[in-house]
1. May I ask you to verify whether Leu196 is hydrophobic (A, V, I, L, M, F, W, C), in a helix (DSSP H, G or I) and within 30 Å of Asp144 (Cα to Cα)?
2. So, Arg302, is that one over 20 Å from Ser202 (Cβ atoms) and surrounded by fewer than 17 Cβ atoms within 10 Å (Cβ to Cβ) or not?
3. Looking at this structure, is Leu55 hydrophobic (A, V, I, L, M, F, W, C) and in contact with a Lys or Arg (Cβ under 9 Å, 6 or more places away or on another chain)?
4. If I filter the range 208-216 for residues that are over 25 Å from Pro137 (Cβ atoms) and either β-branched (Val, Ile, Thr) or away from ligand 1 (no atom under 16 Å from the Cβ) (or both), do I get at least one hit?
5. Can you tell which of Ala28, Ala48, Ala11, Ala59 is out of contact with any Cys (no Cβ under 7 Å at 6 or more places or on another chain) and closer than 30 Å to Thr242 by Cβ?
6. Does the range 270-298 hold any residues that are within 18 Å of Lys198 (Cβ to Cβ) and outside any helix (DSSP H, G or I), and which are they?
7. For the range 195-212, how many residues are in contact with a Gly (Cβ under 7 Å, 6 or more places away or on another chain) and without any contact (Cβ under 8 Å) to a residue 12 or more places away in the chain?
8. Please indicate, with yes or no, whether at least one residue in the range 312-320 is within 16 Å of ligand 2 (Cβ to nearest atom) and part of a helix (DSSP H, G or I).
Amino acid sequence: MGFDKKYYTAAENELNGIRLKNSRILSARERETDEKFPEVGKIRRELAGTTSKLLRIIADRDHDIKEQLSVLERENLQLQDRLKETLVRCGLPSNYLDPIYDCALCRDTGVSDGKLCACFKEKVKKAAAAELSSSSPMQLCGFDTFDLTYYDDTEATPLGATARKIMARNLSFCEEYAGNFRLPYESLLMRGKTGLGKTHLSLSIAKAVTEKGYSVIYGSAPDLLRRIEKEHFGNAADDTDTLELLTSTDLLVLDDLGAEFESKFYVSAFYNIINDRMNRSLPTVISTNLDLAEMEKRYGERISSRISTMKMLMFVGSDVRFLKKRRQS
Ligand SMILES: Nc1ncnc2c1ncn2[C@@H]1O[C@H](COP(=O)(O)OP(=O)(O)OP(=O)(O)O)[C@@H](O)[C@H]1O
Ligand SMILES: [Mg+2]
Ligand SMILES: [Zn+2]
């Protein structure tokens, strides 16, 4: 994974926080049981005693260390069994005084099987995704502020139903999409003219899925593609591999596709993103002003055939930016 060092540091700090949190919980349990159940406290002290015996055995080299160690080990195991029995007798779970881990695989060390643990990689990814999306107005948009009265409910659109009906369907689709988010998951294509709420709903999805704990990157196509270009030509400010981030994040929300400059480099970067994500069964939410023919002309068949497998939402109505201004004046 090519991520800037600062994201590894952020993940380390998060792990430190988790270890601290869990050790505090454990200490509180130890204090609680020592107070309420003196027999538990006694066994705990005996167990602590075996540790200092161990140190003494290691320091004292004259004796047969192996023999002494196995005696000590037996003693230690018996004490642990007694502790568990006693806890159960006191009405507590037998593992009440065991070390507590958020991740059983790496025991919150970040390393399992000699490799970075999946939980650690997930933390690095989330830290990087959070920073990449930090300049976006994700916090300003939500499903609850999506106002359907901006869409006409009197005339049928070329799609059949009224604009309000279609947009109400889009809204509830997006809410359910975010609410049921899981991996693998389907991708979405939001299409329609300017000012119809594509960015509003894609930000709302990004926000809701982030709150569910997934790594989400929201960004506009011009912005993200420019970053990739800079990194490719060696003009980047840090070591982050944006292309790798965009292909591996749980959800990518790529806004304003088609607003970037026309360039072969962008087309091939976009192809890599779409293709890699589809191969990994990771969902992408794309919004664009382009229609399907324009997309095919601009990005070619290989991309448009992949995009055509996405669930499509048509945005209809009149420019809400304009209507909002009129309502305010
Ligand atoms: N249904 C709505 N209720 C409330 N505000 C809305 C609604 N739809 C759009 N808006 C607001 O109107 C402005 C324009 O909407 P938005 O940016 O989502 O449009 P868009 O479809 O992404 O347009 P473009 O194609 O130009 O990017 C934003 O400030 C957005 O929050
Ligand atoms: Mg937009
Ligand atoms: Zn782990």
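The values are calculated or read from the model by the stated rules, or taken from the named source; none is laboratory data. All values reported here derive from a predicted model rather than from experimental measurement. Using ideal geometry, Cβ is built from the backbone for each residue, glycine included, and neighbour counts are taken over all protein chains shown.
1. no
2. Yes: the conditions hold for Arg302.
3. no
4. First pass over the range 208-216, keeping only residues over 25 Å from Pro137 (Cβ atoms): none.
The answer is no, given that none of the residues of the range 208-216 is over 25 Å from Pro137 (Cβ atoms) and either β-branched (Val, Ile, Thr) or away from ligand 1 (no atom under 16 Å from the Cβ) (or both).
5. Only one candidate qualifies: Ala11.
6. Within the range 270-298, Pro283, Thr284, Val285, Ile286, Ser287, Thr288, Asn289, Leu290, Asp291 qualify.
7. Final tally of qualifying residues: 0.
8. As a first pass, look at the range 312-320 and keep what is within 16 Å of ligand 2 (Cβ to nearest atom): 313-320.
Filter once more, keeping what is part of a helix (DSSP H, G or I): 320.
Yes, the range 312-320 contains at least one residue that is within 16 Å of ligand 2 (Cβ to nearest atom) and part of a helix (DSSP H, G or I).
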